[in-house]
1. Run lengths n ≥ 4 of DSSP H only: what is the helix-derived mean residue ellipticity at 222 nm for the protein assembly as shown, with -39500 (n - 2.57) per run over all residues, to the nearest 500?
2. May I ask for the angle, rounded to the nearest 10°, between helix A:421-431 and the longest principal axis of chain A, with both axes built from Cα atoms and the value confined to 0 to 90°?
3. Within the range A:316-366, report the trypsin sites (Lys or Arg not before Pro) that DSSP leaves as loop and that have at most 14 other Cβ atoms within 10 Å.
4. Just to be sure I understand the model, the point goes 7 Å from the Cα along the line to the Cβ. What's the resulting A:ALA143 to A:GLU337 distance in nm?
5. Binning at 5 Å from 0, report for the range A:544-661 what percent of all alpha-carbon pair distances ends up in each bin.
6. State the Kirkwood hydrodynamic radius of the range A:441-593 in Å, one decimal place, computed from all pairs of distinct Cα atoms.
7. For A:MET53, B:MET1, what ranking results if the residue with the fewest other Cβ atoms within 10 Å of its Cβ goes first?
8. Could you give the length gained on full extension between A:GLU531 and A:GLU709, defined as 0.36 nm per residue of separation minus the Cα-Cα distance, in nm?
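Laboratory data are not the source of any read-out in this text; all were calculated from the coordinates shown. This one's a predicted model, so the numbers in the text were calculated from it and none came from an experiment. Heads up, the Cβs are rebuilt from the backbone with ideal geometry, glycines too, and the neighbour counts pull from every protein chain shown.
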Amino acid sequence: MAEKLKIVVVGNGNAGAALVDSLLAKDSGRVEITLYGDEEVGTYDRLRLSEFMAGTVDLAQLGMRSDDWYEERNVRFRRGVRVEELDTKAQKVRGTDGEWVPYDRLVFATGSSSSVPPIEGRDKKGVFVFRTVRDVEEMLEAAPERAVVIGGGLLGLEAAYGLTTHGSEVTVLHRSPHLMNQQLDPAAGRMLGREIEKIGIRFKVGANTEEIMGKGRVQGVKLKSGEYLPADMVVICTGIRPNKGLAGRAGVRANSGILVNEHMETNVKNVYAVGECTEYNGQLIGLVAPALEQVRVVVDTILGERKLVYKGSGASTTLKVAGVDLVSAGDAYGREEDCEAIVSSNPLEGVYRKAVVKNGKVVGTILLGDISAGPQMTEAVKRRMPAEEVAGLVIGSVDAASAPLELPDEAQVCDCNGVSKGRIVATIQDLKLKKVSEVIQETKAGNSCGSCKPLVAQILEQAADEVEEDKNYVCKCMELMADDVKEIVRSRGLKSVSEVGEACGAGKVCPDCKPALTYIVASTNSNRHKEERHARTINDRVHANIQNDGTFSIVPRTYGGVTSPDQLRKVADVAEKYNARMVKITGSQRLDILGVKKEDLPKAWADLGMPSGFAYGKAFRQVKTCVGTDFCRFGVGDSTNLGIDLEKAFEFLYTPAKVKMGCSGCPRNCAEASVKDIGAIAIEGGWQIYVGGAAGMEVRKGDVLATVETKEEAYDVMMAFMQYYRENGQPKERTYDFVPRVGLEEIKKNVLDEESGEPERLRERLRKAKEATSDPWLERTNNVTKNQFAREVGRV
Amino acid sequence: MSRWVEVCSVEDVPRLEGRRVVVNGFYVAVFNTEAGFFAVCDVCPHMGGPLSDGDVAATTVSCPLHARKIELRTGQVKNDDLSRVLTFPVKVESGRVLLDAAALYTQPAPPEEERVAEEVGEEEENVA
Ligand code: SRM
Ligand SMILES: Cc1cc2nc3c(=O)[nH]c(=O)nc-3n(C[C@H](O)[C@H](O)[C@H](O)COP(=O)(O)OP(=O)(O)OC[C@H]3O[C@@H](n4cnc5c(N)ncnc54)[C@H](O)[C@@H]3O)c2cc1C
Ligand code: SF4
Ligand code: FES
């Protein structure tokens, strides 16, 4: 067997990771790769760091690869090891682990670091940069009340946004007269400023920082103007500096970055460089697309025919700040001579579209507020298309959706993952893809920053014989909607999830949809279905909520949040007896005994002698109440007892998604009824009924469904709505989505018109379904499956 | 070299569910699927979730903590880049479930109560 080519990659960022992928894809049998990365966490997608900071993705979704991933592919990944020394004569490198590793080819992918200008006080505690997972973790841990971000470019705004989502008050200081002055002209910069303010970020332009103040720790920032801004954190986002030190020490030529030619070769034999550490033709790069282009070139240089060349690349940027739509590409200013601009601007709506034109060709663009023409415009810049072709889009006389792009096959659609139109079209046709989600999954186009998704959709539209929307299937494997399954269940009189599986295949291939199928089978049969426990999740198999360590929590029902000394005593005893990890008062006015072992659940329930509070299921949860007329000097309605009555009417009922309720005795609304799925607020002379409220992942004020005079009427309206939702909600659809989807008017028609008899029929069906339920905690003596609560079923 | 051990009876594991058995101190999850019985290590490679409490269909179990899906024949994680789960050959003989636990006897038994990850999960695919 021939000797393998030893390739050492220094740096494990976006470029280094992509390089390893391409090398493996090109010829994994011929190469032996050693990868160094000095960040402890391993591989991740730096572009999505702002999403990580905002908490919308976790580390796993950031693209972390396990050490096993590398092992399985025979890549020697030296995680957390920094290369310190390079001997280009002997062709070997030494990392902080002390070992010398020989190479045949070495590629620098060391990226860059944040550059920190020499501001007085920059080494104080509480001063951060925004570059790595570690930076983000430290910032979040510091949880500042007031932060100042120095630098109002792309990075600074993303940092500011991330901190804002965690409740910090943020001010961005920017030296130039408008934000993102690299990518935006003054008009767009000003408009962006207004949009940024709308999401709660403050900023000052023309602001020069003089000193970061504080005794050891940041306390504030002083500006040259004399102004002082108090702050307990400062984040510096003023630019980047290529990591070229190691190269320089080893005699590899560098200027601002490591100097490379069009084949990504350095001045030293067998040493190459890619990514943000490079300088080509006087150009540094700060984006991932050109870095990936360089990766393709270097792979061709090392393993291929040395035919590909890198020619420098124009930059296009999207801002990843929720609620602000912005695309900028090419020369957005029109700085060069003889540049002209086509502009349409509507500051009232925050919409700005611009095409910069030179000699009749499009060379730059800015889209703010309306980025529907993003794909067309960035493509126009890349290919220097004639201005006439896009003028209508900019002015707004042509609708972006109706102006499909005619791209050549080699045009790159996804800059992040380097996917061409040709490949997307071929994949769509080969695999007969019909949906955008399938195309993204198969080609990876649109999988990273997501800005090319609209273009992917357009290409699909053109290339596929038939396009299907990505539907909200209840069973993805069989592509069945909830209504399809309901119809099958109803028309054939099916009684169990297994029968549904036999009839249409749902729930046979993967377990994902089985809980939803259970709900459909049970509700369609008014709970006279055949219960199958394999079709419920562990929570509903053991009637408790599973926790991170595999133990469970117990929330007994305390109707309306009212408890008694006797119950409290029992809860205390149970917690002690079964070594609970914690006893807690929940956000819903209930008692939670957390960390009970599965095998102890039946005994604990017996000791408590209280019914299940269903805190673990897609089911009716509880009614939060206030002390109402019985105690409160402002109470005008008996909220406590209405709540208790409702809790008794609804307990043990499953629902499409969980249902939480509240009853308040007066408009002071201490029980927060207006942000519950169903709520009642007593007013002088009656009750207001709210539906569709939420204060969880979404915050939505409920809509007033009805205003009624008596407690009994309130109870009736809430019953009718509950059943209407149980029958018409999609699986997993909370009322905050259900109510706007169906529309308040439609709901009113069905649940309020007592003359029609429909509300009473709804209540009747609810009572019928309720009759067939019981307290699941009674299964403590009446196991439904063998070894239902067993810790283990055998030991050898 | 194989080492077959009898771990439970066929009835101990309800249809399309999993149950835990302990072999030489190691947690093993046994599943009763329509394609027969399967046994895999009962510690999810993501954050240590108990796979025996997971949801089963065909030859897949979905972890109860954050829904990583594991193919029971191969131990491969289908929806994440995670190392595969150890699988054990299983046979059923006159109503008894036996598994080849050779791999579990080449190392010392783990101390009790130390097999579950301590970290907190952060996804909510399977939330109540
Ligand atoms: C225990 C409790 C927190 C506390 O310490 O107080 C809690 C704990 C959990 N909540 Fe909650 N929620 C609790 C009150 C709330 C509240 C406040 C309330 O009920 O008034 C909310 C906001 C209101 C709402 O639901 O809209 C709330 C919004 C959520 C959400 C977001 C739902 C949404 O669609 O917006 C989830 C995730 C989900 O359901 O998909 C969630 C999911 C969870 C789960 C079940 C996650 C899981 O599957 O493991 C947590 C179980 C922890 C455990 O280990 O047992 N929890 N959760 C509260 C139990 C209430 C009870 O007595 O039943
Ligand atoms: C918050 C943020 C948001 C961004 N958003 C976008 C965006 O939306 N679009 C876009 O195109 N670009 C964006 N970028 C820029 C993009 O992330 C970079 O262009 C890209 O990551 C550069 O890749 P790289 O591999 O060259 O460098 P890096 O990703 O910096 O990787 C270099 C790695 O090498 C390591 N290293 C350095 N020296 C050594 C050594 N001696 N030994 C071992 N390891 C070493 C470093 O620690 C680092 O992990 C963003 C950047 C940040 C910070
Ligand atoms: S907010 Fe709710 S779901 Fe999130 S960690 Fe707390 S209890 Fe768990
Ligand atoms: S522990 Fe299994 S998916 Fe997270």
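1. So the helix-based figure for the protein assembly as shown works out to -8000 deg cm²/dmol.
2. It works out to around 40 degrees.
3. Passing both the DSSP loop test and the Cβ count: A:ARG335.
4. 6.0
5. With a bin width of 5 Å, the distribution comes to 2, 12, 20, 22, 19, 13, 7, 3, 1, 0.
6. 19.7
7. With the fewest neighbours first, A:MET53, B:MET1 line up as B:MET1, A:MET53.
8. Full extension from A:GLU531 to A:GLU709 adds 60.0 nm.
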